[in-house]
1. Could you give me the ³J(HN,Hα) list for the stretch 48-65, computed from phi with Karplus coefficients 6.51, -1.76, 1.60 and θ = phi - 60°, whole Hz, x at Gly and Pro?
2. Roughly speaking, to the nearest percent, how much of the chain's 1.4 Å accessible area is carbon and sulfur?
3. Which value in nm describes the separation of the simple spin-label points at Cys18 and Ser141, placed 7 Å from the Cα toward the beta carbon?
4. Return a whole-number percent for the relative contact order of the chain, with Cα pairs under 8 Å and 6 or more residues apart as the contact set.
5. Straight-line reach from Lys135: which lysines have a Cα under 20 Å away, not including same-chain ones fewer than 8 places off?
6. Starting from 0.36 nm per residue, how many nanometres of slack lie between Arg75 and Ala122 once their C-alpha separation is accounted for?
7. Compute the accessible area per residue over the stretch 8-117, keeping the other protein chains in place, probe 1.4 Å, unit Å².
8. Highest mean first, how do 10-21, 54-65 rank when packing is the count of other Cβ atoms within 10 Å averaged over residues?
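The values are calculated or read from the model by the stated rules, or taken from the named source; none is laboratory data. Everything quoted here is computed from the prediction, not taken from an experiment. Neighbour counts are summed over all protein chains in view; Cβ atoms, including those assigned to glycine, are modelled from backbone coordinates with ideal geometry. We work out accessible area using only protein heavy atoms, side chains counted, and drop any ligands, DNA or RNA first. Shrake-Rupley method; radii C 1.70, N 1.55, O 1.52, S 1.80 Å.
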Amino acid sequence: MKATLYFRGSLTSCNYDCPYCPFSKNKDNALTLAKDRRQVEEFVEWAGNQRGNGHRLSVFFNPYGEALTHSWYHRAMIELSYMEHVDKVAIQTNLSAKLDWTESLNPQKAAFWATYHPGQTAQIRFVQQSGQLRKRGIPHSIGT
């Protein structure tokens, strides 16, 4: 079986405060964040267990909020990017978080769907973040 999986855990908060976005109005509490972390970790474990079943997976993290401000998404992306039976692992992000951890990603399998928010970050900052991904050979798309 070849499958594309869209993962959306319990995360519902964002570090931006766009006036049009419902997720910027939320602040996840410690219980919600712990639940989201467990869900991500259990999903990665499940995905790893699919190797012996002959399955090919592509994973797209598209949470209701900004995931890359949380280390468990970094670890999930890194781990998935090195699984033999995972063809692609991607994430939706505003590129606001530190990207030093992306040095550990397999650039042949990782990708980012980045959205520039002009009212939330300076253009030069966003371009610099994009440049880090480009320098590491990690494909990414940019929207606004």
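1. Using θ = phi - 60°, the values come out as x, 6, 7, 4, x, 8, x, 7, 10, 10, 10, 10, 10, 7, 9, x, 7, x Hz.
2. 52 percent
3. Computed distance between label sites Cys18 and Ser141 equals 1.5 nm.
4. Contact order relative to length: 22 percent.
5. Within the straight-line cut-off, Lys135 pairs with Lys88, Lys98, Lys109.
6. Working: separation 47, 0.36 × 47 = 16.92 nm, distance 2.74 nm.
That pair, Arg75 and Ala122, stretches by 14.2 nm at full extension.
7. Details: 5420 Å² over 110 residues.
Per-residue value: 49 Å².
8. Put in order of decreasing packing, that is 54-65, 10-21.
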